[in-house]
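What follows is one structure encoded as C-alpha coordinates, with my remarks underneath.
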Amino acid sequence: MTPNTPIGIIGSGAMGAGIAQVAAVAGHNVVVYDTNEAALDKANKNISATLQRLQEKGKIPSANEVMGRFSFVNNITSLGHCGLVIEAIVENLDVKRSVFNEVELVVSKECILASNTSSLSITSIAAACHNPARVIGLHFFNPAPLMALVEIIPAIQTDRALVPQAKALMTQWGKIPVIAKDTPGFIVNRIARPYYGEAIRIFEEGIAGMGAIDAIMTADNQFRMGPFALMDYIGHDVNYVVTETVFQSFFYDPRYKPSFTQKRLLEAGWLGRKSGRGFYDYSEGTPLPDSTSDMNTAAGVFERILAMLINEAVEALHLGVASVTDIETAMTKGVNYPKGLLQWCDDWGAANCLAVLDGLYEEYHEERYRASTLLRKHAIGNKKFV
Ligand SMILES: NC(=O)c1ccc[n+]([C@@H]2O[C@H](COP(=O)([O-])OP(=O)(O)OC[C@H]3O[C@@H](n4cnc5c(N)ncnc54)[C@H](O)[C@@H]3O)[C@@H](O)[C@H]2O)c1
(Lines give C-alpha, C1' and ligand atoms only; values in the text may rest on other atoms or scores of the structure.)
Protein backbone atom coordinates (compact mmCIF):
# COMPACT_ATOMS: atom_id res chain seq x y z
CA MET A 1 0.00 0.00 0.00
CA THR A 2 1.26 3.45 -0.98
CA PRO A 3 -0.04 7.01 -0.34
CA ASN A 4 -1.87 6.57 -3.66
CA THR A 5 -3.99 3.72 -2.32
CA PRO A 6 -7.55 5.01 -1.87
CA ILE A 7 -8.82 4.29 1.64
CA GLY A 8 -12.44 3.53 2.49
CA ILE A 9 -13.86 4.19 5.95
CA ILE A 10 -17.17 2.64 7.00
CA GLY A 11 -18.82 4.60 9.81
CA SER A 12 -18.29 8.34 10.24
CA GLY A 13 -18.64 8.50 14.05
CA ALA A 14 -15.91 9.48 16.50
CA MET A 15 -13.47 6.77 15.39
CA GLY A 16 -14.27 6.64 11.66
CA ALA A 17 -13.88 10.42 11.30
CA GLY A 18 -10.60 10.37 13.26
CA ILE A 19 -9.10 7.53 11.23
CA ALA A 20 -10.26 9.18 7.98
CA GLN A 21 -8.46 12.37 9.00
CA VAL A 22 -5.24 10.47 9.75
CA ALA A 23 -5.34 8.74 6.34
CA ALA A 24 -6.07 11.96 4.42
CA VAL A 25 -3.31 13.91 6.20
CA ALA A 26 -0.96 11.04 5.23
CA GLY A 27 -1.83 11.75 1.57
CA HIS A 28 -4.55 9.21 0.73
CA ASN A 29 -7.81 9.89 -1.03
CA VAL A 30 -10.44 8.83 1.49
CA VAL A 31 -14.04 7.74 0.93
CA VAL A 32 -16.13 7.97 4.10
CA TYR A 33 -19.29 5.88 3.99
CA ASP A 34 -22.13 5.97 6.53
CA THR A 35 -25.82 5.10 6.30
CA ASN A 36 -26.66 8.15 8.42
CA GLU A 37 -26.57 11.45 6.47
CA ALA A 38 -26.46 13.56 9.64
CA ALA A 39 -23.39 11.62 10.87
CA LEU A 40 -21.66 12.17 7.50
CA ASP A 41 -22.43 15.87 7.61
CA LYS A 42 -21.14 16.18 11.17
CA ALA A 43 -17.93 14.30 10.29
CA ASN A 44 -17.37 16.51 7.23
CA LYS A 45 -17.77 19.70 9.29
CA ASN A 46 -15.68 18.46 12.23
CA ILE A 47 -12.81 17.24 10.04
CA SER A 48 -12.83 20.52 8.09
CA ALA A 49 -12.72 22.58 11.32
CA THR A 50 -9.91 20.42 12.75
CA LEU A 51 -7.86 20.73 9.56
CA GLN A 52 -8.29 24.53 9.62
CA ARG A 53 -6.93 24.58 13.17
CA LEU A 54 -3.99 22.35 12.14
CA GLN A 55 -3.21 24.76 9.29
CA GLU A 56 -3.33 27.77 11.64
CA LYS A 57 -0.88 26.01 13.96
CA GLY A 58 1.40 25.27 10.99
CA LYS A 59 0.99 21.49 11.37
CA ILE A 60 -0.29 21.03 7.78
CA PRO A 61 0.39 23.33 4.80
CA SER A 62 -3.17 23.45 3.43
CA ALA A 63 -6.46 22.36 4.98
CA ASN A 64 -8.21 22.77 1.62
CA GLU A 65 -5.75 20.44 -0.07
CA VAL A 66 -6.40 17.72 2.54
CA MET A 67 -10.19 18.33 2.44
CA GLY A 68 -10.00 17.88 -1.35
CA ARG A 69 -9.00 14.24 -0.78
CA PHE A 70 -12.33 13.39 0.92
CA SER A 71 -15.62 12.18 -0.39
CA PHE A 72 -18.55 11.51 1.97
CA VAL A 73 -20.98 8.94 0.61
CA ASN A 74 -24.11 7.07 1.70
CA ASN A 75 -23.75 4.31 -0.88
CA ILE A 76 -21.44 1.37 -0.18
CA THR A 77 -20.70 0.85 -3.89
CA SER A 78 -18.64 4.07 -3.79
CA LEU A 79 -15.96 2.07 -1.89
CA GLY A 80 -15.40 -0.08 -5.01
CA HIS A 81 -11.99 1.37 -5.96
CA CYS A 82 -10.48 1.34 -2.42
CA GLY A 83 -7.37 -0.72 -1.66
CA LEU A 84 -8.02 -0.77 2.09
CA VAL A 85 -11.37 -0.40 3.83
CA ILE A 86 -11.46 0.22 7.59
CA GLU A 87 -14.76 -0.44 9.34
CA ALA A 88 -15.64 1.68 12.41
CA ILE A 89 -19.38 1.18 12.88
CA VAL A 90 -21.41 0.22 15.92
CA GLU A 91 -19.81 -2.46 18.17
CA ASN A 92 -22.20 -5.26 17.24
CA LEU A 93 -20.92 -8.54 15.79
CA ASP A 94 -23.97 -9.32 13.63
CA VAL A 95 -24.03 -5.84 12.11
CA LYS A 96 -20.28 -5.91 11.46
CA ARG A 97 -20.46 -9.36 9.85
CA SER A 98 -23.26 -8.24 7.57
CA VAL A 99 -21.35 -5.08 6.53
CA PHE A 100 -18.16 -7.10 5.78
CA ASN A 101 -20.21 -9.48 3.71
CA GLU A 102 -21.72 -6.58 1.80
CA VAL A 103 -18.50 -4.61 1.23
CA GLU A 104 -16.68 -7.68 -0.07
CA LEU A 105 -19.09 -7.77 -3.00
CA VAL A 106 -18.20 -4.24 -4.13
CA VAL A 107 -14.38 -4.10 -3.70
CA SER A 108 -11.61 -5.69 -5.80
CA LYS A 109 -10.11 -9.10 -4.96
CA GLU A 110 -6.94 -7.38 -3.68
CA CYS A 111 -8.68 -4.99 -1.29
CA ILE A 112 -7.79 -5.46 2.39
CA LEU A 113 -10.65 -5.27 4.88
CA ALA A 114 -9.95 -4.08 8.43
CA SER A 115 -12.05 -3.67 11.55
CA ASN A 116 -11.51 -1.13 14.30
CA THR A 117 -13.47 -3.21 16.82
CA SER A 118 -12.39 -2.79 20.46
CA SER A 119 -13.47 -6.14 21.74
CA LEU A 120 -15.06 -8.40 19.12
CA SER A 121 -13.33 -11.39 17.53
CA ILE A 122 -11.59 -10.54 14.24
CA THR A 123 -11.76 -14.24 13.40
CA SER A 124 -15.54 -14.18 13.67
CA ILE A 125 -15.80 -11.03 11.53
CA ALA A 126 -13.44 -12.58 8.93
CA ALA A 127 -15.55 -15.74 8.82
CA ALA A 128 -18.40 -13.69 7.33
CA CYS A 129 -16.28 -13.06 4.20
CA HIS A 130 -15.76 -15.27 1.13
CA ASN A 131 -12.05 -14.55 1.48
CA PRO A 132 -11.32 -14.31 5.23
CA ALA A 133 -7.57 -14.16 4.50
CA ARG A 134 -7.93 -10.48 3.54
CA VAL A 135 -9.40 -9.46 6.91
CA ILE A 136 -7.34 -7.96 9.75
CA GLY A 137 -7.93 -5.92 12.92
CA LEU A 138 -6.61 -2.33 13.03
CA HIS A 139 -7.50 -1.01 16.47
CA PHE A 140 -6.98 2.75 16.81
CA PHE A 141 -7.41 4.60 20.10
CA ASN A 142 -9.62 7.60 20.79
CA PRO A 143 -9.00 10.29 19.56
CA ALA A 144 -7.38 8.56 16.56
CA PRO A 145 -5.45 11.62 15.28
CA LEU A 146 -3.79 12.14 18.70
CA MET A 147 -3.27 8.63 20.05
CA ALA A 148 -0.18 7.04 18.50
CA LEU A 149 -0.92 3.40 19.26
CA VAL A 150 -2.54 1.03 16.76
CA GLU A 151 -3.03 -2.65 17.62
CA ILE A 152 -2.75 -4.88 14.56
CA ILE A 153 -4.69 -8.10 15.03
CA PRO A 154 -4.42 -10.92 12.52
CA ALA A 155 -7.34 -13.36 12.67
CA ILE A 156 -6.48 -17.05 12.53
CA GLN A 157 -7.48 -16.97 8.82
CA THR A 158 -5.53 -13.77 7.95
CA ASP A 159 -2.84 -13.98 5.27
CA ARG A 160 0.34 -13.46 7.36
CA ALA A 161 1.80 -11.23 4.61
CA LEU A 162 -0.76 -8.59 5.58
CA VAL A 163 0.83 -8.06 8.99
CA PRO A 164 4.08 -6.41 7.79
CA GLN A 165 2.06 -4.47 5.19
CA ALA A 166 -0.29 -3.13 7.84
CA LYS A 167 2.67 -2.35 10.10
CA ALA A 168 4.43 -0.39 7.36
CA LEU A 169 1.27 1.57 6.52
CA MET A 170 0.58 2.50 10.15
CA THR A 171 4.19 3.68 10.55
CA GLN A 172 3.77 5.74 7.36
CA TRP A 173 0.68 7.30 9.00
CA GLY A 174 2.81 8.32 11.98
CA LYS A 175 1.39 5.63 14.25
CA ILE A 176 3.12 3.16 16.57
CA PRO A 177 1.90 -0.33 15.65
CA VAL A 178 1.95 -3.37 17.91
CA ILE A 179 0.86 -6.90 17.03
CA ALA A 180 -1.75 -8.66 19.17
CA LYS A 181 -3.21 -12.14 19.12
CA ASP A 182 -6.95 -12.26 18.39
CA THR A 183 -8.04 -12.65 22.02
CA PRO A 184 -10.62 -10.60 23.97
CA GLY A 185 -9.57 -6.99 24.56
CA PHE A 186 -6.38 -7.55 22.51
CA ILE A 187 -3.55 -5.95 24.57
CA VAL A 188 -4.69 -2.67 26.13
CA ASN A 189 -8.34 -3.41 26.82
CA ARG A 190 -7.38 -6.69 28.46
CA ILE A 191 -4.40 -5.64 30.57
CA ALA A 192 -6.00 -2.37 31.76
CA ARG A 193 -9.14 -4.06 33.20
CA PRO A 194 -7.90 -4.29 36.84
CA TYR A 195 -7.22 -0.55 36.88
CA TYR A 196 -11.00 -0.14 36.86
CA GLY A 197 -12.26 -3.42 38.32
CA GLU A 198 -9.92 -3.66 41.31
CA ALA A 199 -10.40 0.02 42.14
CA ILE A 200 -14.19 -0.49 42.22
CA ARG A 201 -13.79 -3.63 44.33
CA ILE A 202 -11.67 -1.75 46.89
CA PHE A 203 -14.29 1.03 46.95
CA GLU A 204 -17.19 -1.44 47.29
CA GLU A 205 -15.49 -3.10 50.25
CA GLY A 206 -15.12 0.27 51.95
CA ILE A 207 -11.33 0.00 52.11
CA ALA A 208 -11.03 3.49 50.60
CA GLY A 209 -13.28 6.13 49.08
CA MET A 210 -13.18 6.77 45.33
CA GLY A 211 -11.56 10.18 45.80
CA ALA A 212 -8.86 8.65 47.99
CA ILE A 213 -8.20 5.85 45.47
CA ASP A 214 -7.89 8.41 42.65
CA ALA A 215 -5.51 10.49 44.76
CA ILE A 216 -3.41 7.43 45.65
CA MET A 217 -3.06 6.29 42.03
CA THR A 218 -2.10 9.74 40.72
CA ALA A 219 0.23 10.77 43.58
CA ASP A 220 3.88 11.38 42.62
CA ASN A 221 2.92 11.47 38.90
CA GLN A 222 2.31 7.73 38.79
CA PHE A 223 -0.89 7.31 36.75
CA ARG A 224 -2.15 10.35 34.86
CA MET A 225 -5.79 9.95 35.94
CA GLY A 226 -7.29 8.06 38.86
CA PRO A 227 -9.51 5.08 37.94
CA PHE A 228 -12.82 6.74 38.88
CA ALA A 229 -12.06 10.01 37.11
CA LEU A 230 -10.85 8.00 34.11
CA MET A 231 -13.99 5.81 33.94
CA ASP A 232 -16.11 8.98 34.10
CA TYR A 233 -13.99 10.46 31.30
CA ILE A 234 -14.23 7.36 29.06
CA GLY A 235 -17.97 7.07 29.77
CA HIS A 236 -19.63 4.13 31.50
CA ASP A 237 -21.49 3.19 28.31
CA VAL A 238 -18.08 2.45 26.74
CA ASN A 239 -16.03 1.31 29.77
CA TYR A 240 -18.66 -0.94 31.36
CA VAL A 241 -19.60 -2.51 28.03
CA VAL A 242 -15.96 -3.37 27.26
CA THR A 243 -15.61 -4.93 30.74
CA GLU A 244 -18.77 -7.00 30.27
CA THR A 245 -17.74 -8.11 26.76
CA VAL A 246 -14.25 -9.09 27.93
CA PHE A 247 -15.74 -10.99 30.92
CA GLN A 248 -18.16 -12.94 28.70
CA SER A 249 -15.49 -13.57 26.06
CA PHE A 250 -13.15 -15.05 28.69
CA PHE A 251 -15.81 -17.61 29.56
CA TYR A 252 -16.68 -15.69 32.75
CA ASP A 253 -13.19 -15.69 34.26
CA PRO A 254 -13.65 -13.94 37.67
CA ARG A 255 -10.56 -11.80 36.99
CA TYR A 256 -12.67 -9.69 34.63
CA LYS A 257 -15.94 -9.69 36.54
CA PRO A 258 -17.92 -6.44 36.09
CA SER A 259 -19.40 -4.63 39.10
CA PHE A 260 -22.94 -3.71 40.06
CA THR A 261 -21.65 -0.33 41.13
CA GLN A 262 -20.72 0.55 37.55
CA LYS A 263 -23.70 -1.22 36.02
CA ARG A 264 -26.07 0.90 38.14
CA LEU A 265 -24.42 4.09 36.88
CA LEU A 266 -25.07 2.95 33.33
CA GLU A 267 -28.68 2.04 34.14
CA ALA A 268 -29.23 5.46 35.72
CA GLY A 269 -27.81 7.17 32.63
CA TRP A 270 -24.99 8.54 34.78
CA LEU A 271 -22.47 8.03 32.00
CA GLY A 272 -19.75 10.28 33.40
CA ARG A 273 -18.54 13.65 32.17
CA LYS A 274 -20.62 13.52 28.99
CA SER A 275 -23.91 13.31 30.95
CA GLY A 276 -22.82 15.61 33.78
CA ARG A 277 -22.74 12.85 36.37
CA GLY A 278 -20.95 9.54 36.89
CA PHE A 279 -18.96 8.54 39.95
CA TYR A 280 -18.52 12.29 40.42
CA ASP A 281 -20.93 15.19 39.92
CA TYR A 282 -19.84 17.45 37.06
CA SER A 283 -22.64 19.98 37.29
CA GLU A 284 -21.67 23.62 37.05
CA GLY A 285 -20.32 25.03 40.31
CA THR A 286 -19.86 21.64 42.03
CA PRO A 287 -16.20 21.22 42.94
CA LEU A 288 -14.71 17.74 42.61
CA PRO A 289 -13.96 16.30 46.06
CA ASP A 290 -10.40 16.72 47.30
CA SER A 291 -9.53 13.49 49.06
CA THR A 292 -5.79 13.83 49.25
CA SER A 293 -6.03 13.95 53.05
CA ASP A 294 -7.70 10.47 53.10
CA MET A 295 -4.85 8.87 51.17
CA ASN A 296 -2.88 7.71 54.18
CA THR A 297 -5.82 5.79 55.62
CA ALA A 298 -5.71 3.30 52.75
CA ALA A 299 -2.39 1.49 52.93
CA GLY A 300 -1.70 -1.07 50.23
CA VAL A 301 -4.24 0.21 47.69
CA PHE A 302 -1.62 1.26 45.14
CA GLU A 303 0.27 -2.04 45.44
CA ARG A 304 -2.95 -4.07 45.15
CA ILE A 305 -4.05 -2.40 41.89
CA LEU A 306 -0.51 -2.41 40.50
CA ALA A 307 -0.01 -6.11 41.31
CA MET A 308 -3.28 -6.96 39.53
CA LEU A 309 -2.19 -4.95 36.45
CA ILE A 310 1.25 -6.55 36.36
CA ASN A 311 -0.32 -10.00 36.72
CA GLU A 312 -2.48 -9.30 33.63
CA ALA A 313 0.53 -8.13 31.64
CA VAL A 314 2.58 -11.18 32.66
CA GLU A 315 -0.30 -13.58 31.89
CA ALA A 316 -0.79 -11.95 28.45
CA LEU A 317 2.92 -12.49 27.79
CA HIS A 318 2.71 -16.06 29.07
CA LEU A 319 -0.20 -16.83 26.71
CA GLY A 320 1.53 -15.27 23.68
CA VAL A 321 -0.91 -12.36 23.26
CA ALA A 322 2.02 -10.06 22.38
CA SER A 323 5.78 -9.66 22.78
CA VAL A 324 7.43 -7.98 25.78
CA THR A 325 8.15 -4.87 23.67
CA ASP A 326 4.63 -4.66 22.29
CA ILE A 327 3.02 -5.10 25.73
CA GLU A 328 5.19 -2.30 27.12
CA THR A 329 4.52 -0.03 24.12
CA ALA A 330 0.78 -0.72 24.21
CA MET A 331 0.36 0.31 27.85
CA THR A 332 2.57 3.40 27.67
CA LYS A 333 1.19 4.67 24.32
CA GLY A 334 -2.40 3.36 24.45
CA VAL A 335 -3.32 4.35 28.02
CA ASN A 336 -0.32 6.56 28.92
CA TYR A 337 0.92 4.46 31.84
CA PRO A 338 4.05 6.07 33.31
CA LYS A 339 6.09 2.96 32.51
CA GLY A 340 5.60 -0.49 31.05
CA LEU A 341 4.09 -2.99 33.51
CA LEU A 342 6.80 -5.61 32.88
CA GLN A 343 9.51 -3.04 33.57
CA TRP A 344 7.54 -2.01 36.66
CA CYS A 345 7.54 -5.63 37.80
CA ASP A 346 11.31 -5.82 37.31
CA ASP A 347 11.82 -2.61 39.29
CA TRP A 348 9.49 -3.64 42.12
CA GLY A 349 10.64 -7.26 42.12
CA ALA A 350 8.53 -10.17 40.86
CA ALA A 351 8.65 -11.68 44.38
CA ASN A 352 7.13 -8.52 45.94
CA CYS A 353 4.38 -8.42 43.34
CA LEU A 354 3.68 -12.13 43.84
CA ALA A 355 3.52 -11.67 47.62
CA VAL A 356 0.71 -9.10 47.21
CA LEU A 357 -1.26 -11.43 44.91
CA ASP A 358 -0.73 -14.51 47.07
CA GLY A 359 -1.78 -12.46 50.11
CA LEU A 360 -5.04 -11.51 48.37
CA TYR A 361 -5.62 -15.10 47.25
CA GLU A 362 -5.06 -16.31 50.80
CA GLU A 363 -7.45 -13.69 52.16
CA TYR A 364 -10.29 -14.07 49.66
CA HIS A 365 -9.93 -17.63 48.34
CA GLU A 366 -11.02 -16.29 44.96
CA GLU A 367 -9.71 -17.28 41.51
CA ARG A 368 -9.68 -13.58 40.72
CA TYR A 369 -6.41 -13.27 42.66
CA ARG A 370 -4.54 -16.26 41.21
CA ALA A 371 -1.05 -15.31 40.16
CA SER A 372 0.26 -16.08 36.69
CA THR A 373 2.52 -19.09 36.68
CA LEU A 374 5.07 -17.05 34.71
CA LEU A 375 5.15 -14.44 37.48
CA ARG A 376 5.73 -17.20 40.03
CA LYS A 377 8.60 -18.63 37.95
CA HIS A 378 10.20 -15.20 37.67
CA ALA A 379 9.81 -14.63 41.40
CA ILE A 380 11.38 -17.99 42.28
CA GLY A 381 14.20 -17.60 39.75
CA ASN A 382 14.66 -13.88 40.55
CA LYS A 383 14.38 -13.22 36.80
CA LYS A 384 13.65 -10.02 34.88
CA PHE A 385 11.14 -9.57 32.06
CA VAL A 386 12.72 -6.67 30.17
N1 LIG B 1 -15.09 5.35 20.88
C2 LIG B 1 -13.97 4.77 21.29
O3 LIG B 1 -13.35 5.16 22.29
C4 LIG B 1 -13.41 3.63 20.49
C5 LIG B 1 -12.02 3.36 20.55
C6 LIG B 1 -11.50 2.33 19.75
C7 LIG B 1 -12.34 1.57 18.97
N8 LIG B 1 -13.69 1.84 18.95
C9 LIG B 1 -14.53 1.03 18.07
O10 LIG B 1 -14.77 1.77 16.88
C11 LIG B 1 -16.08 1.47 16.37
C12 LIG B 1 -16.86 2.75 16.22
O13 LIG B 1 -16.94 3.42 17.44
P14 LIG B 1 -17.38 4.96 17.53
O15 LIG B 1 -17.16 5.36 18.94
O16 LIG B 1 -16.74 5.75 16.44
O17 LIG B 1 -18.96 4.84 17.24
P18 LIG B 1 -19.99 5.97 16.83
O19 LIG B 1 -21.29 5.57 17.39
O20 LIG B 1 -19.44 7.33 17.15
O21 LIG B 1 -20.06 5.87 15.22
C22 LIG B 1 -20.54 4.75 14.53
C23 LIG B 1 -21.01 5.22 13.15
O24 LIG B 1 -21.32 4.06 12.37
C25 LIG B 1 -22.48 4.32 11.61
N26 LIG B 1 -23.08 3.05 11.26
C27 LIG B 1 -23.75 2.19 12.10
N28 LIG B 1 -24.13 1.10 11.41
C29 LIG B 1 -23.71 1.27 10.13
C30 LIG B 1 -23.80 0.48 8.95
N31 LIG B 1 -24.41 -0.69 8.98
N32 LIG B 1 -23.24 0.94 7.81
C33 LIG B 1 -22.62 2.14 7.79
N34 LIG B 1 -22.50 2.94 8.88
C35 LIG B 1 -23.05 2.51 10.03
C36 LIG B 1 -23.35 5.19 12.50
O37 LIG B 1 -24.28 5.94 11.74
C38 LIG B 1 -22.29 6.07 13.20
O39 LIG B 1 -22.08 7.27 12.49
C40 LIG B 1 -16.67 0.44 17.35
O41 LIG B 1 -16.40 -0.84 16.87
C42 LIG B 1 -15.91 0.71 18.62
O43 LIG B 1 -15.85 -0.40 19.47
C44 LIG B 1 -14.23 2.87 19.67
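The values are calculated or read from the model by the stated rules, or taken from the named source; none is laboratory data. A quick note: this is a predicted structure, and the numbers were derived from the prediction, not measured. Quick reminder, even Gly has a Cβ in these numbers, built from the backbone with ideal geometry, and neighbours come from all protein chains shown.
Do we have ASN4 as surrounded by fewer than 18 Cβ atoms within 10 Å (Cβ to Cβ) and within 16 Å of the ligand (Cβ to nearest atom) here? Steps first, answer last, please.
On the way: surrounded by fewer than 18 Cβ atoms within 10 Å (Cβ to Cβ): yes; within 16 Å of the ligand (Cβ to nearest atom): no.
It is false that ASN4 is surrounded by fewer than 18 Cβ atoms within 10 Å (Cβ to Cβ) and within 16 Å of the ligand (Cβ to nearest atom).
Tallying residues that are within 14 Å of the ligand (Cβ to nearest atom) and either aliphatic (A, V, I, L, M) or at positive phi (or both) within segment 22-46 yields 7. Pairing residues of segment 115-131 that are more than 13 Å from GLU151 (Cα to Cα) and β-branched (Val, Ile, Thr) with residues that are within 13 Å of the ligand (Cβ to nearest atom) and at pLDDT 95 or above, at Cβ distances under 9 Å and at least 6 apart in sequence or on separate chains, gives ILE125/GLU87; ILE125/LYS96; ILE125/ARG97; ILE125/PHE100; ILE125/SER115; ILE125/THR117; ILE125/GLY137. Take the residues in segment 69-112 that are near the ligand (Cβ under 10 Å from one of its atoms) and either among the small types (Gly, Ala, Ser) or outside the structural domain of ASP41 (by TED's automatic domain parsing) (or both), then tell me which one is farthest from ALA38 (Cα to Cα). Filtering first and then ranking leaves SER98.
Yes or no: PHE140 in contact with a helix residue (DSSP H, G or I) (Cβ under 7 Å, 6 or more places away or on another chain), within 14 Å of the ligand (Cβ to nearest atom), closer than 26 Å to GLU312 by Cα and not hydroxyl-bearing (Ser, Thr, Tyr)? Break it down into steps so the answer makes sense when it comes.
Values: in contact with a helix residue (DSSP H, G or I) (Cβ under 7 Å, 6 or more places away or on another chain): yes; within 14 Å of the ligand (Cβ to nearest atom): yes; closer than 26 Å to GLU312 by Cα: yes; not hydroxyl-bearing (Ser, Thr, Tyr): yes.
Against the criterion (in contact with a helix residue (DSSP H, G or I) (Cβ under 7 Å, 6 or more places away or on another chain), within 14 Å of the ligand (Cβ to nearest atom), closer than 26 Å to GLU312 by Cα and not hydroxyl-bearing (Ser, Thr, Tyr)), PHE140 qualifies.
What do you reckon, is MET231 within 15 Å of the ligand (Cβ to nearest atom) and under 20 Å from GLY334 (Cβ atoms)? Explain how you work it out, then say what you get.
Details: within 15 Å of the ligand (Cβ to nearest atom): yes; under 20 Å from GLY334 (Cβ atoms): yes.
Criteria met by MET231.
Against the definition (more than 13 Å from the ligand (Cβ to nearest atom), over 24 Å from THR171 (Cβ atoms) and of a type outside the set (Lys, Arg)), how does ALA49 come out, yes or no?
On the way: more than 13 Å from the ligand (Cβ to nearest atom): yes; over 24 Å from THR171 (Cβ atoms): yes; of a type outside the set (Lys, Arg): yes.
Yes.
Meeting the requirement of 3 or more residues that are in contact with a Lys or Arg (Cβ under 8 Å, 6 or more places away or on another chain), the strands (runs of 3 or more DSSP E) wholly within segment 97-204 are 112-115, 149-154, 176-179. Listed conditions (1) closer than 20 Å to GLY137 by Cα; (2) crowded, with 18+ Cβ neighbours inside 10 Å; (3) in contact with a helix residue (DSSP H, G or I) (Cβ under 6 Å, 6 or more places away or on another chain) are all met by LEU84, apart from (3).
Note on segment 67-98: residues that are over 30 Å from GLU244 (Cα atoms) and of a type in the set (Lys, Arg) total 1.
Yes or no: segment 319-327 includes at least one residue that is among the aliphatic types (A, V, I, L, M), in contact (Cβ under 8 Å) with a residue 12 or more places away in the chain and either assigned by TED's automatic domain parsing to the domain that holds ALA144 or part of a helix (DSSP H, G or I) (or both). Show your work before the answer.
Initial filter on segment 319-327 (among the aliphatic types (A, V, I, L, M)): 319, 321-322, 324, 327.
Retained after the next criterion (residues that are in contact (Cβ under 8 Å) with a residue 12 or more places away in the chain): 319, 321-322, 324, 327.
When the remaining residues are screened for being either assigned by TED's automatic domain parsing to the domain that holds ALA144 or part of a helix (DSSP H, G or I) (or both), the result is 324, 327.
Looking for residues that are among the aliphatic types (A, V, I, L, M), in contact (Cβ under 8 Å) with a residue 12 or more places away in the chain and either assigned by TED's automatic domain parsing to the domain that holds ALA144 or part of a helix (DSSP H, G or I) (or both), one finds at least one in segment 319-327, hence yes.
Residues considered: GLY276, GLY272. Of these, the only one that is out of contact with any Pro (no Cβ under 9 Å at 6 or more places or on another chain), touching a residue at least 40 places away in the same chain (Cβ under 8 Å) and on the phi > 0 side of the Ramachandran plot is GLY272.
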